[in-house]
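What follows draws every value from the coordinates through simple rules; no lab data is involved. Worth saying up front: this structure is predicted, and the values here are computed from it rather than measured. Positions of Cβ are generated from backbone atoms using ideal geometry, with glycine treated the same way; all protein chains shown enter the neighbour counts.
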Amino acid sequence: MENPVPAGGEDAVISRRRTRGAVVITVAGEVDTLDADGLVECVRESATASAPGDDLVLDFRDVSFVSVSVLGRLVAVRDRLAAQGRTVHMCAPAGRVGRYFAMVGL
């Protein structure tokens with residue numbers, strides 16, 4: 001089931017769905033600083049609400065822009081979840097935005 005998640009900016013679309021063994025957060029559009037809080041909160045809520053052993057998948061394949069501040073927040077969230085033993089899988093977009101993800105280790 002898809003659940004839209006409020007984003008702070010105008011151009012990002014964030015949704016969440018549960019599959020067998022995973023929670024998938026799909027992000028599309030342009031993700032700027034105004035979207036960071038909503039995105040991070042969605043990831044935190046999803047990690048908290050998911051069953052033990054469930055993977056967390058962050059699908060950014062349809063993102064055309066991401067701000068540096070969002071990348072930094074995602075790295076921090078990923079590191080926090082990893083410290084808790086949670087597995088986070090990133091689906092990064094192709095092109096320039098994908099290179100930004102690779103540069104920061106996402």
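Before moving on, here are some points about what is shown:
- Exclusive hit being small (G, A, S), surrounded by 16 or more Cβ atoms within 10 Å (Cβ to Cβ) and under 20 Å from T19 (Cβ atoms), set A47, A51: A47
- Flag for L81 being surrounded by 13 or more Cβ atoms within 10 Å (Cβ to Cβ) and in contact with a Cys (Cβ under 9 Å, 6 or more places away or on another chain): no
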